[in-house]
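Q: Please find one structure pasted underneath; my questions will follow.
The values are calculated or read from the model by the stated rules, or taken from the named source; none is laboratory data. Just so it is clear, the structure is predicted and the values come from calculations on it, not from any experiment. Every residue, glycine among them, receives a Cβ derived from its backbone with ideal geometry; neighbour counts consider all protein chains shown. With ligands, DNA and RNA removed, areas are computed over all heavy atoms of the protein, side chains included. Shrake-Rupley method; radii C 1.70, N 1.55, O 1.52, S 1.80 Å.
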Amino acid sequence: MKEKNKLKVRFLGGVGEIGKNMTAIEYGDDIIVIDAGISFPTDDMPGVDLVIPDVSFLTQNKDKIRGLLLTHGHEDHIGGVPYLLKEVNTPIFGTKLTLTLTENKLIEHDLKGNLNCVNPGSTINLGCFKIEFINVNHSISGAVAFAITTPVGVIFHSGDYKIDFTPIDGNGMDLTRISEIGKKGVLLMMSDSTNIEIPGYTMSESVVGSTLDTLFSENADRRLIITTFASNVHRLQQILNLAKKYGRKVAFSGRSMVKVSESASKIGELNIEKGLIIDIDKINKYKEKEILIVSTGSQGEPMSALTRMATGEFNKVVISDKDTVVISASVIPGNERMIYNVINNLYKRGAEVVYESLSPIHVSGHACRDEIKLLHSLVKPKFFIPVHGEYRHLKKHVDLALSLGMKKGSAMICEIGDTVELTKNSMKRGESFVAGSKLVDGVYVNDENSYVIRDRIHLAEDGLIVVVLTINELSKTTLAVDVIARGVSLPDEVLEWLKEHIQNTLDEADLKSYDRTIIKNLLRKGVRKQLLNKTGKSPMILPIIVEV
């Protein structure tokens, strides 16, 4: 079979990690891309705002790209869209809420996109690919799976999903259509692996509504503050319905909460009754029992509204012993310290706090193991690649697929930069390609191994020594030496000793025959060696030469 007739699946993100989801499917001269997400920086990325996929491959093949398909509107699936569009001008396809949230991001970057709204159940054609959008349930409305018909066979991509038999909007996951697709034959399935380690089924979103109803009832005489993910429109709808039921006015706090609620309301995804919403500046005109504040900050983000309330730095809302704060979200791994700091500070200010470990006030948007088994049994793929998970999740998912009867070799774990080649009867690894991460630092995008990040880590760990050398411009003799330490603890006697050592080094050198670069290198190497021997530390050395 000729090379150009092979179907290729390329992984730019979302495997071996949770976040930064992006997959490219290629056949001949046609490429489609699924999702363009971000992930958030880890502790070893000081000063970094976002992490996005390296799209070098897509940039090099921009003429082949027929479209970007979005599964849903979460940051780890749409957050990287503006950065992709700056490199590749391609049409974007998604459901109504997904595109609304994407458009908000494009506006922030002063970009316009070719946005195409597609309803679940509809089909589009992009190059040689035919893509069917299939309704699934998730923790945001408008989530879809894809059935992609290619010249080689059908690829089923689950997107993020759960099987909710009592969804808030009444639109359950389209298991009937998925079953029909499975019966016709699926060449490859790529499926969400997030909750593969959790047995059973994910609780329905309606369970949260019952718990929140009880909390409204039990706190009838107290002010309520609820924080949740702004994008979880179904959760917001339940909260608004309960506010109306219990006679409370609602004040939104936090830029993303205000923006998402306005956007979702405009397109009919969120029903807000007239007169229910008041401005956060007017909450003091009402009694505590008449107010509900819906806020951002469910992950303890440093600048979020809830964090500022907890530290007393938010002048619009002052926390007291008359408040009950409900954190209706699970803690994203890595954010534990931040959110528990917020909870501790809220308690210190007298508030009662309700969070996931105390009450079922959040349910996952991802399928647990028995739901995953059900999806496998309906799709019956010939080949399988797990996605959306760390390596342990992908391994457990492959093990599950094999336990359900798939042959060994028909399920594969992939990493970022891997290419998988498929024919009607085979799946094998192809060539690797350039992929990985780019770091967004303000308005700049840097490589993952950027010297800027290395310098920041160096500064954080060992501090900075500034050596200021003043020399006579004509005679090139040393007039003064000063040593300034920042971020490194050095006693005065060590600083004096260091000055003396520098002066001795310069006295032995012939400064007249040295240019500035040589002198700086001499200072840098000498100071570093002496400090390492004396203190065991290796701070960054910054020599400054002043000629007078």
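Q: Identify the residue in the range 429-452 that is assigned to a loop (DSSP other than H, G, I, E, B) and modelled with pLDDT under 75 and, among all such residues, is farthest from E496 (Cα to Cα). Give the derivation first.
A: Residues of the range 429-452 assigned to a loop (DSSP other than H, G, I, E, B): 430-436, 442-443, 448-450.
Next, only the ones that are modelled with pLDDT under 75 stay: 442-443, 448-450.
Details: G442: 39, V443: 42, E448: 39, N449: 36, S450: 35 Å.
Among those that are assigned to a loop (DSSP other than H, G, I, E, B) and modelled with pLDDT under 75, it is V443.
Q: Please enumerate the residues belonging to the range 330-350 that are closer than 25 Å to K289 by Cβ and surrounded by fewer than 22 Cβ atoms within 10 Å (Cβ to Cβ). Write out each step before concluding.
A: Within the range 330-350, the subset closer than 25 Å to K289 by Cβ is 342-343, 345-350.
Passing the criteria: I343, N345, Y347, K348, R349, G350.
Q: Give the residue, chosen from N344, N335, that is over 26 Å from M173 (Cβ atoms), at pLDDT 95 or above and under 26 Å from the mean Cα position of the chain (by Cα). Don't jump to the end; show me each part of the working.
A: Numbers: N335 fails: at pLDDT 95 or above.
The match here is N344.
Q: What residue, among those in the range 257-296 that are small (G, A, S) and open to solvent by less than 60 Å² (accessible area, probe 1.4 Å), is nearest to S328 (Cα to Cα)? Working first, answer last.
A: Going residue by residue through the range 257-296, those that are small (G, A, S) are 261, 263-265, 268, 275, 295.
If we keep only those that are open to solvent by less than 60 Å² (accessible area, probe 1.4 Å) too, we end up with 261, 263-265, 275, 295.
On the way: S261: 17, S263: 21, A264: 19, S265: 21, G275: 25, S295: 10 Å.
Once the filter is applied, the top-ranked residue is S295.
Q: Which residue out of D54, D35 is in contact with a Gly (Cβ under 8 Å, 6 or more places away or on another chain), within 25 Å of L126 (Cα to Cα) and buried (at least 24 other Cβ atoms within 10 Å of the Cβ)?
A: Numbers: D54 fails: buried (at least 24 other Cβ atoms within 10 Å of the Cβ).
Being in contact with a Gly (Cβ under 8 Å, 6 or more places away or on another chain), within 25 Å of L126 (Cα to Cα) and buried (at least 24 other Cβ atoms within 10 Å of the Cβ) holds for just one of D54, D35, which is D35.
Q: Also: So, F165, is that one over 27 Å from K20 (Cα atoms), free of Cβ contacts under 8 Å to residues at least 60 places away in the same chain and of a type in the set (A, V, I, L, M, F, W, C) or not? Steps first, please.
A: Values: over 27 Å from K20 (Cα atoms): yes; free of Cβ contacts under 8 Å to residues at least 60 places away in the same chain: yes; of a type in the set (A, V, I, L, M, F, W, C): yes.
Against the criterion (over 27 Å from K20 (Cα atoms), free of Cβ contacts under 8 Å to residues at least 60 places away in the same chain and of a type in the set (A, V, I, L, M, F, W, C)), F165 qualifies.
Q: Which of the residues belonging to the range 96-144 are closer than 25 Å to L374 by Cα, of a type in the set (V, I, T) and open to solvent by less than 30 Å² (accessible area, probe 1.4 Å)?
A: Residues satisfying the conditions are I131, I134, V136, I140, V144.
Q: Also, I was wondering about something else. For the subset of the range 236-267 comprising residues that are small (G, A, S) and touching a residue at least 60 places away in the same chain (Cβ under 8 Å), which member is nearest to G142 (Cα to Cα)?
A: Narrowing the range 236-267 to residues small (G, A, S): 243, 247, 251, 253-254, 256, 261, 263-265.
With the extra rule that they be touching a residue at least 60 places away in the same chain (Cβ under 8 Å), the set shrinks to 253, 263-264.
On the way: S253: 24, S263: 14, A264: 11 Å.
Result: A264.
Q: Next up: List the pairs whose first member sits in the range 47-62 and is assigned to a loop (DSSP other than H, G, I, E, B), whose second member is hydroxyl-bearing (S, T, Y) and at pLDDT 90 or above, and whose Cβ atoms are under 8 Å apart, counting only residues at least 6 apart or on separate chains?
A: V55/Y83
Q: Pull up the range 373-389, narrow it to residues that are touching a residue at least 60 places away in the same chain (Cβ under 8 Å) and within 21 Å of G200 (Cβ to Cβ), then point me to the one that is surrounded by the most Cβ atoms within 10 Å (Cβ to Cβ).
A: So the first thing to find is which residues in the range 373-389 are touching a residue at least 60 places away in the same chain (Cβ under 8 Å), and the list is 374-376, 378-389.
Going one step further and asking which of them are within 21 Å of G200 (Cβ to Cβ), we end up with 374-376, 378-379, 386, 388-389.
Details: L374: 16, L375: 23, H376: 21, L378: 18, V379: 23, P386: 26, H388: 29, G389: 25.
Looking at the filtered set, the residue picked out is H388.
Q: For the condition over 30 Å from G19 (Cα atoms), acidic (D, E), modelled with pLDDT of 75 or more and in contact with a Lys or Arg (Cβ under 8 Å, 6 or more places away or on another chain), what is the one hit in D492, D482, D418? Before the answer, list the steps.
A: On the way: D492 fails: in contact with a Lys or Arg (Cβ under 8 Å, 6 or more places away or on another chain); D418 fails: over 30 Å from G19 (Cα atoms).
Result of the check over D492, D482, D418: D482.
Q: Now for a separate question. Any residue at all in the range 391-403 that's in contact (Cβ under 8 Å) with a residue 12 or more places away in the chain and part of a loop (DSSP other than H, G, I, E, B)? Steps first, answer last, please.
A: Let us first name the residues in the range 391-403 that are in contact (Cβ under 8 Å) with a residue 12 or more places away in the chain, namely 391-398, 400-401.
If we keep only those that are part of a loop (DSSP other than H, G, I, E, B) as well, we get none.
No; the residues of the range 391-403 include none that is in contact (Cβ under 8 Å) with a residue 12 or more places away in the chain and part of a loop (DSSP other than H, G, I, E, B).
Q: Taking L292 and the conditions (1) modelled with pLDDT of 95 or more; (2) part of a loop (DSSP other than H, G, I, E, B), which numbered condition does it fall short on, given that it satisfies the others?
A: (2)
Q: Could you tell me how many of the residues in the range 199-216 are closer than 23 Å to T71 by Cα and in contact with a strand residue (DSSP E or B) (Cβ under 7 Å, 6 or more places away or on another chain)?
A: Taking the range 199-216 and keeping what is closer than 23 Å to T71 by Cα, we get 201-206.
Going one step further and asking which of them are in contact with a strand residue (DSSP E or B) (Cβ under 7 Å, 6 or more places away or on another chain), we end up with 201-202.
Within the range 199-216, residues that are closer than 23 Å to T71 by Cα and in contact with a strand residue (DSSP E or B) (Cβ under 7 Å, 6 or more places away or on another chain) number 2.
Q: Could you identify the single residue in D482, D455 that is of a type in the set (D, E), part of a strand (DSSP E or B) and open to solvent by 30 Å² or more (accessible area, probe 1.4 Å)?
A: Values: D455 fails: part of a strand (DSSP E or B).
After applying the criteria, what remains is D482.
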